[in-house]
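Accompanying notes for the structure given below.
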């Protein structure tokens, strides 16, 4: 039989950071789409989304730098570090759960704890996104924002064109990850439990 127990997983500082980060990503996706696809004719003055995009881009960079320092100084980085069980079979088990077992009402193969918030698939996804894609998104964005300060790098990369294309690719990946992130957030003990946890810090963890 399946039961739930309250588990405190998200300290206040992490919840505040998550809210700011979410606001930045959503705003950048919307304004970036308006800038990338002017033929849609949604905005009459494209200087407005450009200004908003630039400001929130800088906020995202600051938000990301804060997050990196916070993880290392607080010791919370341990939640993102894969263990032996998280390699290969851990990923396969969790992927099989999301693809099949979840629709059969089967229990989660891995339970969260105060010392380990994420399952194997989440850990690898966050490593790829937060330590790979987001830094590249920030770097290419800064190069496009301050081309005079990165002339040497721009020359080595073949001009602003390739940088702009790379930035757009990373942005599309971020948007795709956001959609999957929202969907998987609904697979907790209840549809809205994960969303509530980012407000209260408490999660109703399944026990069996």
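Listed values, structure above:
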read-out: Condition check for residue 29: within 25 Å of residue 204 (Cα to Cα) and surrounded by fewer than 18 Cβ atoms within 10 Å (Cβ to Cβ); value: no
read-out: Wholly within segment 105-208, helices (runs of 4 or more DSSP H) carrying at least 3 residues that are loosely packed, with under 14 Cβ neighbours inside 10 Å; value: 151-156, 160-185, 193-200
read-out: Count of residues meeting criterion [under 18 Å from the mean Cα position of the chain (by Cα) and touching a residue at least 40 places away in the same chain (Cβ under 8 Å)] in segment 173-200; value: 10
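Values quoted throughout were computed directly from the atomic coordinates according to the rules given, and no laboratory measurement underlies them. Computed from a prediction, not measured in an experiment: that's the story for all the values here. Positions of Cβ are generated from backbone atoms using ideal geometry, with glycine treated the same way; all protein chains shown enter the neighbour counts.
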